[in-house]
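The values are calculated or read from the model by the stated rules, or taken from the named source; none is laboratory data. If you're wondering where the values come from, they're calculated on a predicted model, not measured in any experiment. Neighbour counts run over all protein chains shown; Cβ positions are idealised from the backbone, glycine included.
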């Protein structure tokens with residue numbers, strides 16, 4: 001599943017089919033069983049499904065966060081009767097992972113090696129509706145202060161969301177490991193986009209790669225387009 005939306009978070013609801021989340025952003029995780037998994041803008045999920053031997057027709061739906069709209073597909077075995085699924089649910093779907101339950105439960109199959117970070121910058125995520133401006137450490141793109149590292153260094157970045165909107169934070173050219181959810185240290189997923197809910201805190205560890213200017217931004221396109229971007233500046 002790829003969330004290619006500009007500004008919409010979805011729940012992936014597997015309905016009657018038991019599911020297992022086995023990878024996020026292309027990186028394997030220890031299988032997480034369930035029937036509903038959240039996916040923010042820019043994120044990808046690999047979900048294994050068990051189709052009963054007796055067959056049937058099974059809707060797998062993408063539910064729009066905070067609204068009734070839904071879309072999806074139907075997995076049907078040969079000869080199964082397929083009925084139309086309404087494009088609206090009866091009630092609004094809840095917000096995605098305000099308490100970070102899903103992220104906190106993920107564990108990388110191949111975590112980063114254990115070593116100390118050379119720096120631990122904090123990025124404060126903020127903004128306003130009027131005027132519509134979104135910031136990192138109070139700055140918009142163009143007045144931003146880069147996060148810096150030398151190639152090969154370990155950096156731990158804390159995303160601290162001080163706004164009332166969620167921000168899926170994406171780093172170009174690197175995978176990072178989620179090592180902190182709130183105040184709790186974990187050996188979480190390796191991924192490249194992490195969803196930071198309102199007032200939430202996520203810490204990620206990243207090993208600086210090729211010397212270059214790598215974009216670090218919110219994947220909510222209206223937030224990105226109004227300034228919510230900085231850079232991970234890696235030097236040789």
Among (1) surrounded by 17 or more Cβ atoms within 10 Å (Cβ to Cβ); (2) under 23 Å from the mean Cα position of the chain (by Cα); (3) in the same structural domain as residue 225 (by TED's automatic domain parsing), where does residue 146 come up short?
(1)
Complete set of residues in the range 44-58 that are buried (at least 19 other Cβ atoms within 10 Å of the Cβ) and over 19 Å from the mean Cα position of the chain (by Cα):
58
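Check 172, 195 and return the single one that is under 27 Å from residue 46 (Cα atoms), within 15 Å of the chain's Cα centre (by Cα) and surrounded by fewer than 14 Cβ atoms within 10 Å (Cβ to Cβ).
Numbers: 195 fails: surrounded by fewer than 14 Cβ atoms within 10 Å (Cβ to Cβ).
Answer to the selection: 172.
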What is the number of the single condition among (1) touching a residue at least 40 places away in the same chain (Cβ under 8 Å); (2) farther than 16 Å from residue 118 by Cα; (3) not in a strand (DSSP E or B) that residue 164 does not meet?
(1)
Residue 66: under 30 Å from residue 140 (Cα atoms) and assigned by TED's automatic domain parsing to the domain that holds residue 148, yes or no?
no
So for the range 177-185 (the condition being closer than 20 Å to residue 138 by Cβ and surrounded by fewer than 17 Cβ atoms within 10 Å (Cβ to Cβ)), does at least one residue qualify?
no
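For the range 34-50, indicate whether the set of residues that are modelled with pLDDT under 95 and farther than 28 Å from residue 177 by Cα is non-empty. Break it down stepwise before answering.
Here is the first cut: in the range 34-50, the ones modelled with pLDDT under 95 are 50.
So of that shortlist, the ones also farther than 28 Å from residue 177 by Cα come out as 50.
Yes, that holds for at least one residue.
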Of the residues in the range 87-127, those that are in a strand (DSSP E or B) and either in contact (Cβ under 8 Å) with a residue 24 or more places away in the chain or under 20 Å from the mean Cα position of the chain (by Cα) (or both) come to 93, 108, 119, 122, 123, 124, 125, 126, 127
